[in-house]
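The values are calculated or read from the model by the stated rules, or taken from the named source; none is laboratory data. If you're wondering where the values come from, they're calculated on a predicted model, not measured in any experiment. With ideal geometry, Cβ positions are generated from the backbone for all residues, glycine too; neighbour counts draw on all protein chains shown. These accessible areas exclude ligands, DNA and RNA; they are computed on the full protein's heavy atoms, side chains included. Shrake-Rupley method; radii C 1.70, N 1.55, O 1.52, S 1.80 Å.
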Amino acid sequence: AQSVAQPEDQVNVAEGNPLTVKCTYSVSGNPYLFWYVQYPNRGLQFLLKYITGDNLVKGSYGFEAEFNKSQTSFHLKKPSALVSDSALYFCAFSFTSGTYKYIFGTGTRLKVLA
Amino acid sequence: DTAVSQTPKYLVTQMGNDKSIKCEQNLGHDTMYWYKQDSKKFLKIMFSYNNKELIINETVPNRFSPKSPDKAHLNLHINSLELGDSAVYFCASSQKRGYNEQFFGPGTRLTVL
């Protein structure tokens with residue numbers, strides 16, 4: 001079955017340190033990949049996406065992600081974490097044909113410690 | 001201006017009741033979605049409409065019925081509510097499908113007692 005996996009339920013990082021939130025995918029063909037963030041009691045907000053082209057994509061709030069086809073990964077990164085980055089992060093992929101349905105990962109809670 | 005809005009924000013009701021959640025988007029998008037987020041924060045697609053046509057209908061009990069009167073609105077009606085329906089329901093919209101990001105509403109927290 002086609003899916004995305006977020007292997008860590010929670011990631012803790014000190015403020016000012018680099019952060020990485022992991023995502024791997026199992027999708028036939030070339031997927032569309034996305035990262036979303038959810039703050040408490042809010043809807044999801046789009047951060048960035050990979051469709052094609054440059055493997056390093058930059059998004060909102062200083063986040064970036066690298067598409068790695070050989071490792072089937074799309075890890076989210078930020079060079080210097082802020083306490084305000086603490087939230088729930090979702091990786092997702094979209095089918096590139098048919099219904100273009102989104103499949104979300106299980107989410108990773110990021111805690112940035114002051 | 002709110003891009004994707006949902007009403008109500010909170011819904012508390014008894015088992016067996018029927019309830020509706022409304023969603024409106026003012027982004028001019030042609031595709032709208034309903035998602036369910038459970039207590040563990042897992043997010044699952046329920047339905048999707050493209051230009052008022054149902055294009056995704058996941059394995060959802062037929063007590064759930066979406067209705068799209070026009071491209072800007074997608075409502076969700078739930079009959080005979082059960083305890084297991086308690087969750088946060090999110091509406092979302094996107095321009096076309098696939099490679100375009102989705103814009104989410106604030107969610108409706110449904111509690112069935």
Is one or more of the residues making up region A:60-74 within 30 Å of residue B:51 (Cβ to Cβ) and either among the polar types (S, T, N, Q) or at pLDDT below 95 (or both)? yes
Positions within region B:5-43 being open to solvent by 50 Å² or more (accessible area, probe 1.4 Å) and part of a strand (DSSP E or B), in sequence order: B:7, B:10, B:12, B:19, B:20, B:22, B:24, B:36
Within region A:104-114, the count of residues that are within 14 Å of chain B (Cβ to nearest Cβ) and either among the small types (Gly, Ala, Ser) or crowded, with 20+ Cβ neighbours inside 10 Å (or both) comes to 5
Within region B:1-47, how many residues are free of Cβ contacts under 8 Å to residues at least 40 places away in the same chain, within 14 Å of chain A (Cβ to nearest Cβ) and not hydrophobic (A, V, I, L, M, F, W, C)? 4
Matching residues, region B:32-53, being within 18 Å of residue A:104 (Cα to Cα) and of a type outside the set (D, E, K, R): B:32, B:33, B:34, B:35, B:37, B:39, B:42, B:43, B:45, B:46, B:47, B:48
Any residue that is in a strand (DSSP E or B), touching a residue at least 60 places away in the same chain (Cβ under 8 Å) and either within 11 Å of chain A (Cβ to nearest Cβ) or not acidic (Asp, Glu) (or both) - is there at least one of those in region B:65-88? yes
Within region A:84-101, can one find any residue that is more than 14 Å from chain B (Cβ to nearest Cβ), assigned to a strand (DSSP E or B), among the small types (Gly, Ala, Ser) and touching a residue at least 40 places away in the same chain (Cβ under 8 Å)? no
Going by what's in this entry, would residue A:5 be described as open to solvent by 30 Å² or more (accessible area, probe 1.4 Å) and in contact with a Cys (Cβ under 8 Å, 6 or more places away or on another chain)? yes
When you scan region A:52-67, do you find a residue that is open to solvent by 60 Å² or more (accessible area, probe 1.4 Å), out of contact with any Pro (no Cβ under 6 Å at 6 or more places or on another chain) and within 13 Å of chain B (Cβ to nearest Cβ), even just one? yes
